[in-house]
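Please treat every number below as a calculation from the coordinates, not as lab data. Please read all numbers here as calculations on a predicted model, not as lab measurements. A quick note on method: Cβ atoms are made from the backbone with ideal geometry, for glycine too, and the neighbour counts reach across all protein chains shown.
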Amino acid sequence: MTETEESGYQLYYWPQIQGRGELVRLALEDAGAPYVDVARMGTDRGGGPEAIRRVLAGELGDGRHLAPPILQAGAVTVSQAACILDFLATRHPLLTDPGDRSRALQLQLTFSDFLGEAHDTHHPIAVSAYYEDQREEAKKRAAGFLADRWPKFLGYFETILRENKASKKEHLVGAGFSYVDLTAFQVLSGLAYAFPNAFNARRKEIPLLIALRDRVASRPRVAAYLGSTRRLPFSEHGIFRHYPELDLGGET
Ligand SMILES: N[C@@H](CCC(=O)N[C@@H](CS)C(=O)NCC(=O)O)C(=O)O
């Protein structure tokens, strides 16, 4: 048995960014599930980005995967962040009521859509091209994101929280905590990093989402994770990037 096989789950995700892998890391951390972040290990131990490339080339069997994050659980491998979270919720307390499974997945996929749009603010033309080569288009894309898409998506999630609160529920799905709350935490943290001016200007529109973010951040295992070196910092390599010219009031 190899070192990674002994330790529960193996997560395959790019080693230097939070990205979509962070949604899975947060869930594994909150669940207290043992896992190895394989690509963050040294190449001498089978890690590094090369480990991801081997998985994409079919090394693990159990079907092909297009892109990380990819989670291995014994003989099973799962990709697509939302699908991984749905899988983990069948094994760990990441969804209060199993009857809410479809609802949770629906909201998670909506967050996935929003993440894609946040990413496209800095890469509106081509994922493979440098930001600097699409900076002017990025300014236009970011302006539309801030004006239309941000209030549409965050307003949707805030409305859900408001309606749930009316029936004495304080989470996004059903009667209690779910992995979708962890994703809400991550998305709000990322927006505050990437667009601090817009976030501060609009924070009064999303008081329940901000309260949820703060409650998630104080969950004991999440707080321990956030204070550890396992939590990578936001940077200009991930989904949420801080380019002042893309933020509200940024240079034109
Ligand atoms: N819909 C997928 C998207 C996966 C994805 O775009 N992964 C990125 C990193 S966050 C990647 O490495 N993509 C490589 C590519 O698209 O070529 C998910 O939510 O997991």
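How about the stretch 178-218: which of its residues are more than 25 Å from Ala147 (Cβ to Cβ), buried (at least 21 other Cβ atoms within 10 Å of the Cβ) and either more than 16 Å from the chain's Cα centre (by Cα) or of a type in the set (S, T, N, Q) (or both)?
Across the stretch 178-218, the qualifying residue is only Ser178.
Just one of (1) more than 10 Å from the ligand (Cβ to nearest atom); (2) in contact with a strand residue (DSSP E or B) (Cβ under 6 Å, 6 or more places away or on another chain); (3) touching a residue at least 40 places away in the same chain (Cβ under 8 Å) trips up Ile52, so point out which.
(1)
Mind listing whichever residues of the stretch 231-252 are loosely packed, with under 15 Cβ neighbours inside 10 Å and either over 15 Å from the mean Cα position of the chain (by Cα) or among the small types (Gly, Ala, Ser) (or both)?
Answer for the stretch 231-252, where residues must be loosely packed, with under 15 Cβ neighbours inside 10 Å and either over 15 Å from the mean Cα position of the chain (by Cα) or among the small types (Gly, Ala, Ser) (or both): Ser235, Glu236, Pro244, Glu245, Gly249, Glu251, Thr252.
Could you grab the pairs with beta carbons closer than 6 Å, sequence gap of 6+ or different chains, first residue in the stretch 14-30 and more than 9 Å from the ligand (Cβ to nearest atom), second one hydroxyl-bearing (Ser, Thr, Tyr)?
These pairs meet every condition: Ala27/Tyr179; Leu28/Tyr35; Glu29/Tyr225.
Kindly evaluate Arg231 against the criterion of being within 18 Å of Tyr13 (Cβ to Cβ) and among the basic types (Lys, Arg).
When the stated conditions are applied, Arg231 passes them.
Out of Leu105, Leu115, Leu109, Leu95, which single residue is touching a residue at least 12 places away in the same chain (Cβ under 8 Å), under 17 Å from Val180 (Cβ atoms), touching a Cys at 6+ places or on another chain (Cβ under 9 Å) and among the aliphatic types (A, V, I, L, M)?
Residue meeting the stated conditions: Leu105.
Would you point out the residue of the stretch 74-111, among those that are of a type in the set (Gly, Ala, Ser) and farther than 15 Å from Tyr13 by Cβ, that is farthest from the ligand (Cβ to nearest atom)?
For the stretch 74-111, the residue satisfying everything is Gly99.
Which condition number does Arg141 fail, the rest of (1) surrounded by 18 or more Cβ atoms within 10 Å (Cβ to Cβ); (2) of a type in the set (D, E, K, R); (3) over 20 Å from Asp181 (Cα atoms); (4) within 15 Å of the ligand (Cβ to nearest atom) being met?
(4)
Condition check: touching a helix residue (DSSP H, G or I) at 6+ places or on another chain (Cβ under 6 Å) and either among the basic types (Lys, Arg) or more than 28 Å from Gln106 (Cβ to Cβ) (or both). Does Leu248 satisfy that?
yes
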